[in-house]
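Comments concern the structure below.
The values are calculated or read from the model by the stated rules, or taken from the named source; none is laboratory data. Predicted, not measured: the structure shown is a model, and the values here were computed from it. Neighbour counts run over all protein chains shown; Cβ positions are idealised from the backbone, glycine included.
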Amino acid sequence: MTLVEALRTVNSRAKETARHGFSLACGFTPLHFKTFFAAQLVERTVVGRIDVEVGLFGDLPGTLRRLIENPPDGVAVPLEWSDLDSRLGFRSTNGWRIDRGADILSSVQMRLSELSLVLTELSQRTTVALSLPTLPLPPMFKPPRGMSDPSVLELRRQLAEFAAGLVQTSKVRVVDSQQLDSVSPISTRYDTASDLRTGFPYRPDHACLLAEALANLLRPVAPMKGIITDLDNTLWSGIIGEDGVDEISWDLDHKTQAHGLYQEMLASLSELGVFIGVASKNDPLVAQQGLQRADLVVPRESLFPVEANWGAKSESVRRILQTWNIGADSVLFLDDSPIELAEVAAGVPGIQCRQFPTGDAEGILQLIGEMRDLFGKTTVTLEDQLRVSSLRNNGATVTSVATDPEEFLRHAEAEITLEWNIPDDRCFELINKTNQFNLNGQRLDEAAWRRRLADPQAFLLAVRYGDKYAPLGKVSVLAGRWQNGIPLIDIWVLSCRAFSRRIEHQVLQACFERFDCDQLFFDFLPTERNATLCELLTDFCGAEPNGPVILTRSKFKSHCPSLYAKVLSHDSLNGNRVAA
Amino acid sequence: MTPSTEIASQLEDCLAVVFPDVPTKQLRSASVSSVAQWDSLATLTLVSVIEETFQIQIPADDLEEFLSFELILDYLSRPALRAAA
């Protein structure tokens, strides 16, 4: 992005009334960095203008302390060496003496401790993104350039300890320096003339890339949900139907280690809760033989479902999507054949396709790096770990339901746990990833989530579910606020894995009991994908709703089917208690 | 379009992006005294935008000439600068 493009991007939203306030806390003159940062945030925000406030130049700790009192939607902190000690910058001529080294190390240690405390506190109030120094140190130390100086190594050790401590003990998000190095070479970052004249130290390209890295941490893109992989010359090297099961490989001995690395990434993503499916043109029995090999790096049980047949791959992909019950736009399809990729892209609109670069080790490394970017998550929840096993169990469940749904529910030994006003990361994730059973499609950013949790009139219900087949974890979230004695519900989502268990009916019953009211107000809005919830409201109201819905207790009672689950209730205020 | 009118047109685009609140018709008469937002930081932004647009490097000592559309146009139209671009 050029500076002109950044300015145009920012200007395009300048007249909008909705506002998102961010702060840039830096020790240098922000100049174009502010523009690039605002533009990157605009690109990650659907509506509204981005206002970026800056603090006093040269007073980074003071700026951060002031933000604690009045936190914005997010704070970016591009730290540089001169913020730790002005003698480590180029705008100071008061310290490049050999005998000052120990004093500089001591003052840096103190400054890092001070920053650690204030950043930790600030991260409790808002989202904080931090980058470690990106500019070169001045040539002020003893050895000739090219030889490490003990003082420099000690500086870097202090900095690494500071960053590791922050990430482990606070919610501060730290930019990956290695990732930044790969796109912004260190020799092209510093603008000496600009720094000495104006105090702005970055060349435009580096300013843009660093702003992008920080904006990515403040407004991360929602991770994708599933990968569908081909087998031959993709999951493994070789064609199993022709070469035989013993001849396919993914190891150093056969010079096919790149496929092993690909499997390693699939295994890692599976542990994050990413669905991994297989679509292969193969004899199903032959494909199974390959997948049963004991030395497969990706666990066999994490590959589900496996579609091995001679039909069109787009058909296999559609069946996999149906099993997963997720949209094509959150799925990546990988195949070594350009023809198959084209066929799937044409037959499954919205799916992302990538060619597996067979035989190109560097290409494969680049691919698995991209996969990490598309699917990586900051936290792994219990639900992530349960996802694939519960999906497998769903297969058995669906069969039972097809036989007799009422009998299935009666004997499922279901247990529902209602968690009132106990927010966590999973609630936030569910709200922002659920489409089919979603009251109005509303998404929340972290700032809006925090404001909602701080509202004394707001309420939040999270629902856990488990039965004799499998625990599903937290599957539903309902939220709203009291207004004039009426509970107004503006968020209600239910994971598609938990459909057909009457959890939604249990939730409604719990709301009528908890709120002790005769009416529930739902801020419903039809979307392209929330037909499932629309059908539920239609069942109760007798007509398809186009907007907000009031559900009365009498209508609910008259239309509610039999409910069999044992219900437990937990409350943040009242402690644990059994409700029914 | 002659070179000078092309420079003027490109310069007008530069001012428009740095001062989005200034009406298009007033861009060619814009100056430090007529545009409230035209402070020292805005001048630095404008210079960077001009450098990017015209693919030139403007020496820091020349910044004092960047006080109005007219003066900047005169600066950009100098043969030596155009030859360097």
Looking at the stretch A:106-117, can you tell me whether even one residue there is out of contact with any Phe, Trp or Tyr (no Cβ under 7 Å at 6 or more places or on another chain) and farther than 29 Å from A:Glu69 by Cβ?
yes
When restricted to A:Pro143, A:Pro185, the only residue over 28 Å from A:Arg372 (Cβ atoms) and surrounded by fewer than 14 Cβ atoms within 10 Å (Cβ to Cβ) is A:Pro143
Among the residues that make up the stretch B:53-62, is at least one of them closer than 20 Å to A:Leu7 by Cα and in contact with a Cys (Cβ under 9 Å, 6 or more places away or on another chain)?
yes
Subset of the stretch A:525-539 that is acidic (Asp, Glu) and over 12 Å from A:His559 (Cβ atoms) - its residue that is surrounded by the most Cβ atoms within 10 Å (Cβ to Cβ):
A:Glu535
Determine if the stretch A:137-152 includes at least one residue that is closer than 18 Å to A:Ser23 by Cα and among the acidic types (Asp, Glu).
no
Kindly list, by first and then second residue, each pair from a residue in the stretch A:155-174 that is touching a residue at least 40 places away in the same chain (Cβ under 8 Å) to a residue that is in a loop (DSSP other than H, G, I, E, B) and surrounded by fewer than 13 Cβ atoms within 10 Å (Cβ to Cβ), limited to pairs with Cβ atoms under 8 Å and residues at least 6 apart or on different chains.
A:Arg173/A:Thr378
In the stretch A:21-42, which residues are surrounded by fewer than 24 Cβ atoms within 10 Å (Cβ to Cβ), away from every other protein chain (no Cβ under 11 Å) and touching a residue at least 60 places away in the same chain (Cβ under 8 Å)?
A:Phe28
Output the residues belonging to the stretch A:199-233 that are touching a Phe, Trp or Tyr at 6+ places or on another chain (Cβ under 8 Å), under 24 Å from A:Gly350 (Cβ atoms) and assigned to a loop (DSSP other than H, G, I, E, B).
A:Pro223, A:Met224, A:Lys225, A:Asp230
Only one of A:Pro138, A:Pro143 is touching an Asp or Glu at 6+ places or on another chain (Cβ under 8 Å), of a type outside the set (Gly, Ala, Ser) and either within 14 Å of chain B (Cβ to nearest Cβ) or in a loop (DSSP other than H, G, I, E, B) (or both); which?
A:Pro143
Spot the failing condition for A:Ala207; the list is (1) within 14 Å of another protein chain (Cβ to nearest Cβ); (2) surrounded by fewer than 21 Cβ atoms within 10 Å (Cβ to Cβ), and only one is missed.
(2)
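Can B:Phe19 be described as touching a Lys or Arg at 6+ places or on another chain (Cβ under 6 Å) and at pLDDT 90 or above? Talk me through it step by step, then tell me what you get.
Values: touching a Lys or Arg at 6+ places or on another chain (Cβ under 6 Å): no; at pLDDT 90 or above: yes.
Answer is no for this residue.
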Residue count for the stretch A:481-502, restricted to those that are in contact with a Ser or Thr (Cβ under 6 Å, 6 or more places away or on another chain) and among the β-branched types (Val, Ile, Thr)
1
Any chance the stretch A:240-251 includes a residue that's crowded, with 20+ Cβ neighbours inside 10 Å and β-branched (Val, Ile, Thr)?
yes
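Here is a yes/no grid of residues against (1) closer than 23 Å to A:Leu159 by Cβ; (2) assigned by TED's automatic domain parsing to the domain that holds A:Glu446; (3) in contact with an Asp or Glu (Cβ under 9 Å, 6 or more places away or on another chain):
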site: A:Phe22; (1), (2), (3): no, no, yes
site: A:Ala25; (1), (2), (3): yes, no, no
site: A:Asp51; (1), (2), (3): no, no, no
site: A:Leu64; (1), (2), (3): yes, no, yes
site: A:Glu69; (1), (2), (3): no, no, no
site: A:Leu88; (1), (2), (3): yes, no, yes
site: A:Ile104; (1), (2), (3): yes, no, yes
Please indicate, with yes or no, whether at least one residue in the stretch A:450-459 is touching a helix residue (DSSP H, G or I) at 6+ places or on another chain (Cβ under 8 Å) and under 23 Å from A:Gly273 (Cα atoms).
no
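Residue by residue, here is whether (1) closer than 22 Å to B:Thr5 by Cβ; (2) touching a Pro at 6+ places or on another chain (Cβ under 8 Å); (3) not basic (Lys, Arg) holds:
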site	(1), (2), (3)
B:Leu44	no, no, yes
B:Glu52	yes, yes, yes
B:Ile56	yes, no, yes
B:Pro59	no, no, yes
B:Ser68	yes, no, yes
Could you check how many residues of the stretch A:53-64 are within 14 Å of chain B (Cβ to nearest Cβ) and either buried (at least 21 other Cβ atoms within 10 Å of the Cβ) or in contact with a Gly (Cβ under 7 Å, 6 or more places away or on another chain) (or both)?
1
Selection over the stretch A:24-76 where residues are under 21 Å from A:Thr120 (Cβ atoms) and among the hydrophobic types (A, V, I, L, M, F, W, C) yields a count of 9
Can you tell me how many residues in the stretch A:291-307 are touching an Asp or Glu at 6+ places or on another chain (Cβ under 9 Å), small (Gly, Ala, Ser) and more than 18 Å from A:Arg319 (Cα to Cα)?
0
For A:Ile50, which of the numbered conditions (1) on the phi > 0 side of the Ramachandran plot; (2) away from chain B (no Cβ under 13 Å) fails to hold?
(1)
Select, from A:Leu261, A:Leu196, the only residue that is within 14 Å of chain B (Cβ to nearest Cβ), surrounded by fewer than 20 Cβ atoms within 10 Å (Cβ to Cβ), part of a helix (DSSP H, G or I) and among the aliphatic types (A, V, I, L, M).
A:Leu196
Consider B:Asp74 carefully, then state whether it is within 11 Å of chain A (Cβ to nearest Cβ), exposed (fewer than 13 other Cβ atoms within 10 Å of the Cβ) and either among the acidic types (Asp, Glu) or assigned to a loop (DSSP other than H, G, I, E, B) (or both).
no
Would you call A:Ser106 surrounded by fewer than 17 Cβ atoms within 10 Å (Cβ to Cβ), closer than 23 Å to A:Pro201 by Cβ and either within 25 Å of the chain's Cα centre (by Cα) or among the polar types (S, T, N, Q) (or both)?
no
Can you work out which of the residues in the stretch A:375-388 that are surrounded by 15 or more Cβ atoms within 10 Å (Cβ to Cβ) and touching a Pro at 6+ places or on another chain (Cβ under 7 Å) is farthest from A:Arg354 (Cα to Cα)?
A:Leu386
